[in-house]
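Visitor: Handing you this structure, nothing more for now.
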Amino acid sequence: MILLAGVAGFVGLAALTDALVSSPHAPAEPGALKVLDQGWSPSLREQFYYTSQGSQLLPYAVLRALEQPLSERLFLDPAHVAEMGFLPADGVSPLNPDGLPIGFVKDSRPGGVLGPAVGMTCAACHTSDIEAKGVRIRIDGGASAADYQLFMARLSRALDLTLADPAKFQRFAARLVAVDPKVVRPALEALATEIRRLEAASWTPTPYGRGRLDAFGHILNAVAADALGEPANYRIPDAPVSYPFLWTTPKQRYVQWNGVAGNPLGRNVGEVLGVFGHANFAGGNLPAATSTALSDNLVALEAWVAELKPPPWPEAELGKVDAAKAKRGAELFKAYCTGCHGGPEYRLTAPTETDGGRQWLAVTMVDVNAVKTDPKMVTNFVARYAKPGPFAPLLGSAPHSPDGQQVLAGPVLLAAVSVVTENDLRTRGITGDARKQWYGGRFAPDGKTLLQGWALPPSYKAGPLAGVWATGPFLHNGSVPTIYDLLSPEEERPSVFYVGSARYDTKKMGFVSSVDSIPAAERGRLSRFDTALPGNSNRGHAFPSPATAKLSPEDRFAIIEYLKILEGPDVRH
């Protein structure tokens with residue numbers, strides 16, 4: 001079990017939960033849905049939304065039967081789902097017969113006494129909507145506005161109050177028609193304890209707010225603390241980052257903000273373990289170690305995302321592109337942006353880097369001392385140590401802590417993911433060329449998977465920017481609300497703004513972030529972003545540098561115009 005964040009922290013969490021569960025419900029998302037042409041058919045979109053990756057949060061029947069904490073309405077009521085920042089279902093379908101929110105899915109495997117589990121898919125954090133002219137514009141692979149901590153707080157309180165309120169419990173139990181009544185209360189008590197633990201483990205001194213999560217913090221806690229049974233390996237996950245957009249990611253050399261790994265299967269297995277997946281290291285018998293991650297589905301998901309294109313700028317809703325201004329913006333972009341971000345002539349890796357000569361987008365890793373953006377996320381990762389447990393024999397050469405008892409946590413994660421993934425492939429009989437295909441061909445000529453992360457100075461990835469118009473707020477930690485603000489001098493950027501509105505700012509390119517510009521009925525969904533708080537700095541990325549002439553407002557708007565039409569890379573494998 002993970003250690004709680006201390007008595008004082010737990011009391012603070014309880015107070016925060018009380019505030020969260022008492023906020024009024026916002027209305028469901030308005031307007032008709034417009035789906036942009038991003039290269040997916042309707043059936044492929046549906047598969048991405050509702051194909052299990054092995055995440056197992058709680059029993060499916062429980063989530064469907066559960067009421068909201070302070071209401072008799074169901075927890076999955078669309079207005080409640082939207083209030084927490086997730087997207088309600090567009091309707092029922094063969095893959096989603098019960099209308100679960102986008103990115104929530106029933107695991108097909110048998111479960112415990114309360115039945116099969118429900119968990120999250122990639123779509124929960126990587127699908128978003130933009131509102132304009134009464135239309136909801138769907139951005140597949142975009143950055144969700146989900147509030148993870150709010151969701152966990154609501155879920156934990158809903159379970160506790162269901163157990164505490166006899167009438168609420170009776171209504172809940174009556175909905176579990178296929179479950180033996182005698183097992184409902186003890187099973188629910190055990191589940192409430194586990195969800196309460198997960199909620200406590202998500203506590204941070206500074207709440208994440210909308211659209212952010214400390215993914216690596218949660219993954220490392222799930223693997224190094226939970227699965228290894230090493231409470232001393234727990235760290236407060238206090239370096240949230242924005243959910244990155246997914247288009248072009250299967251073509252990139254590295255994906256995460258800190259460029260940890262190029263191996264898509266290992267990357268995705270690690271992601272599952274951080275989002276309610278489970279690993280069992282068999283008491284140190286590593287050849288028997290397993291996880292709930294569904295490798296075959298993860299391979300399919302990666303292939304689907306490879307077909308996803310950047311979203312085209314929707315002129316009918318957001319306005320026509322000024323061709324002359326965009327042409328001027330293209331010149332400025334080439335002068336100031338392509339050196340790190342590439343495009344439209346994107347740089348590729350050398351064929352000699354990869355077994356078989358396959359090439360990837362050569363994304364730039366920029367030293368944090370050069371880009372000068374908030375360092376907390378990357379330094380948390382590269383400076384974190386952990387007791388290796390049964391992985392110690394595999395990590396003899398990894399950097400150790402001064403006392404020699406711990407190793408860098410990154411290699412512990414790598415070893416854990418490698419063991420459960422290789423065991424799974426062996427069980428499936430996946431070897432030779434088939435094994436290389438499952439790993440996405442991400443092997444160096446020496447046969448090792450492509451790694452980076454701790455081998456570099458602390459760095460952040462400067463990825464391709466096609467479709468970036470749909471992905472605000474900006475920088476890795478979501479600390480700048482619009483592209484115009486990002487292109488402005490650091491001292492001109494907003495120090496406080498609000499996140500969670502789907503209304504689009506067509507002039508500055510980003511979401512509306514001033515509370516005065518958002519209707520009162522929608523303000524309950526907003527979270528306040530204070531750049532003075534730890535991990536929230538909006539400094540850095542000051543390009544052109546202070547030593548050169550600063551971009552004029554006209555130049556900034558010209559670059560914005562060009563970003564509306566910037567094309568993505570065409571990488572053939």
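Visitor: Residues to consider are PRO244, PRO250, PRO186; find the one that is assigned to a helix (DSSP H, G or I), surrounded by fewer than 24 Cβ atoms within 10 Å (Cβ to Cβ) and within 17 Å of the chain's Cα centre (by Cα).
Guide: From the options PRO244, PRO250, PRO186, the qualifying one is PRO250.
Visitor: Here are the criteria: (1) among the basic types (Lys, Arg); (2) touching a residue at least 40 places away in the same chain (Cβ under 8 Å); (3) assigned to a helix (DSSP H, G or I). Tell me which single one LYS334 does not satisfy.
Guide: Result: LYS334 fails condition (2) only.
Visitor: If only one of GLY410, GLY404 is part of a loop (DSSP other than H, G, I, E, B) and small (Gly, Ala, Ser), which one is it?
Guide: GLY404
Visitor: Answer yes or no as to whether ARG154 is closer than 27 Å to PRO519 by Cα, assigned to a strand (DSSP E or B) and either among the acidic types (Asp, Glu) or at pLDDT 95 or above (or both).
Guide: Answer is no for this residue.
Visitor: Which one of ALA239, ALA225 is at pLDDT 95 or above and either charged (D, E, K, R) or touching a Lys or Arg at 6+ places or on another chain (Cβ under 7 Å) (or both)?
Guide: Every option except ALA239 fails the conditions.
Visitor: Do we find that ASP165 is among the acidic types (Asp, Glu) and either loosely packed, with under 15 Cβ neighbours inside 10 Å or without any contact (Cβ under 8 Å) to a residue 60 or more places away in the chain (or both) in this structure?
Guide: When the stated conditions are applied, ASP165 passes them.
Visitor: Here's another thing I want to ask about it. Within the stretch 399-422, can you find the residues that are of a type in the set (A, V, I, L, M, F, W, C) and farther than 14 Å from VAL260 by Cβ?
Guide: If the condition is that a residue be of a type in the set (A, V, I, L, M, F, W, C) and farther than 14 Å from VAL260 by Cβ, then VAL407, VAL419, VAL420 are the ones that fit.
Visitor: For the stretch 486-503, give me the residue count where each residue is buried (at least 23 other Cβ atoms within 10 Å of the Cβ) and in contact with a Ser or Thr (Cβ under 6 Å, 6 or more places away or on another chain).
Guide: Total meeting the criteria: 4.
Visitor: If I ask for residues that are part of a loop (DSSP other than H, G, I, E, B) and in contact with a Phe, Trp or Tyr (Cβ under 9 Å, 6 or more places away or on another chain), which ones from the stretch 216-237 would you list?
Guide: LEU228, GLY229, ILE236, PRO237
Visitor: Of all residues in the stretch 126-177, which are closer than 17 Å to LEU87 by Cα and hydroxyl-bearing (Ser, Thr, Tyr)?
Guide: Across the stretch 126-177, the qualifying residues are THR127, SER128, SER144, TYR148.
Visitor: Are there any pairs with C-beta distances below 6 angstrom linking a residue in the stretch 273-288 that is free of Cβ contacts under 8 Å to residues at least 12 places away in the same chain to a residue that is part of a loop (DSSP other than H, G, I, E, B), with the two at least 6 apart or on different chains, and if so which?
Guide: Cβ pairs passing all conditions: ALA282/ALA289.
Visitor: Name the one entry in ILE483, ILE430 that is surrounded by 18 or more Cβ atoms within 10 Å (Cβ to Cβ) and more than 27 Å from the chain's Cα centre (by Cα).
Guide: ILE430
Visitor: Out of the residues in the stretch 363-384 that are in a loop (DSSP other than H, G, I, E, B) and on the phi < 0 side of the Ramachandran plot, state the one that is surrounded by the fewest Cβ atoms within 10 Å (Cβ to Cβ).
Guide: Among them, the one singled out is ALA383.
Visitor: Can you tell me how many residues in the stretch 257-299 are assigned to a helix (DSSP H, G or I) and more than 14 Å from the chain's Cα centre (by Cα)?
Guide: Counting residues in the stretch 257-299 that are assigned to a helix (DSSP H, G or I) and more than 14 Å from the chain's Cα centre (by Cα) gives 14.
Visitor: Here is a further query. Would you mind telling me which numbered condition in (1) part of a helix (DSSP H, G or I); (2) in contact with a strand residue (DSSP E or B) (Cβ under 8 Å, 6 or more places away or on another chain); (3) under 30 Å from SER537 (Cβ atoms) PRO207 fails?
Guide: (1)
The values are calculated or read from the model by the stated rules, or taken from the named source; none is laboratory data. Since we're looking at a predicted model, the values are computed, not measured. Virtual Cβ from ideal backbone geometry, glycine too; neighbours counted across all protein chains shown.
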